[in-house]
Amino acid sequence: MGEKVDWIFDSHSYSKQKKVKLVINEFTKYALIWWDQIVISRRRNGERPVQAWGEIKVLMRTRFVPNHYYRDLYLKLQGLNQGYKTVDEYHKEMEIAMIRANVVEDREATMARFLNGLNRDIANVVELQHYVEQEDMVHMATKVERQLRKGHVQPKFNSGSSSSCKPNLKRKGTVQPRSFVPSRTETPKALS
């Protein structure tokens, strides 16, 4: 609710009092009862009434957002990977998760986060280049993804963790053991 209301308020020039009234008018059921109790309690304790949207946001977060909410968002962000999503979908999901978790980090750290969550077949190509901006990295990952699809190569959807799928790595004249599973750092030429 907070971001949407902020956007609406930024689009109009409402007074502080009008903003408070508009927000309170949207309360229903429990939120309305909770608000009535806030007003009564403040009046009883001789405190001034809530006069700004920012104050209401703080009160609402304290009451309605569980303590573990931001920790859960951060954990979700840490485990985020491309999987079956397109590069663009994965990038947007990562950006939204970072905004919601209020993560502000160095550009290089964000680029490393993005690269680490890409599917390995895409990341292996993307990481060979030097990027100054994340947008360039996303663009290259999208191009690589398109090339993989054009070549009818089915990407292996693993985010870098060991996979239970065992690739067929037979080369002419050599025999690979069936139990061979390449680690994250090993990239046999047959997989490149």
By average Cβ neighbour count within 10 Å, what is the ranking of 50-57, 103-110 from highest down?
-> 50-57, 103-110
Report ³J(HN,Hα) in whole Hz for each residue of region 132-140, in order, from the Karplus equation J = 6.51 cos²θ - 1.76 cosθ + 1.60 where θ = phi - 60°; Gly and Pro get x.
-> 9, 10, 5, 4, 5, 5, 5, 4, 5
Given charges of +1 on the Cβ of Lys and Arg and -1 on the Cβ of Asp and Glu, with all other atoms neutral, how large is the dipole of region 2-64 about its Cα centre, in debye to the nearest 20?
-> 240 debye
Extending each Cα 7 Å along its Cβ direction at residue 127 and residue 22, get the distance between those two points in nm, one decimal.
-> 4.8 nm
Using every Cα-Cα pair within region 70-150, state what percent have a distance larger than 14 Å.
-> 60 percent
Given charges at Cβ of Lys, Arg, Asp, Glu: region 2-64 dipole, positive-most of 33, 64, 46 | 46
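Holding the Cα-Cα limit at 25 Å, pick out from 16/57; 85/143; 18/57; 21/57; 76/150; 18/92 the pairs that are longer than that. Write down the numbers at each step before the final one.
On the way: 16/57 13 Å; 85/143 15 Å; 18/57 15 Å; 21/57 13 Å; 76/150 32 Å; 18/92 34 Å.
Distance filter (> 25 Å) returns 76/150; 18/92.
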Cross-link partners among aspartates and glutamates for residue 19, C-alpha distance below 12 Å, same-chain residues fewer than 8 apart left out?
-> 6, 10, 55
Could I have the simple spin-label model distance between residue 45 and residue 9, label points 7 Å from Cα toward Cβ, reported in nm to one decimal?
-> 2.1 nm
Karplus couplings for region 62-79 from phi (6.51 cos²θ - 1.76 cosθ + 1.60, θ = phi - 60°), rounded to Hz, Gly and Pro as x?
-> 4, 7, 9, 9, x, 4, 7, 4, 5, 5, 5, 4, 5, 5, 4, 4, 4, x
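Rule-based calculations on the coordinates, nothing more; no lab input. No experiment lies behind these values; they were computed from the predicted model shown. Reconstructed Cβ throughout: ideal geometry from the backbone, glycine too, with neighbour counts over all protein chains shown.
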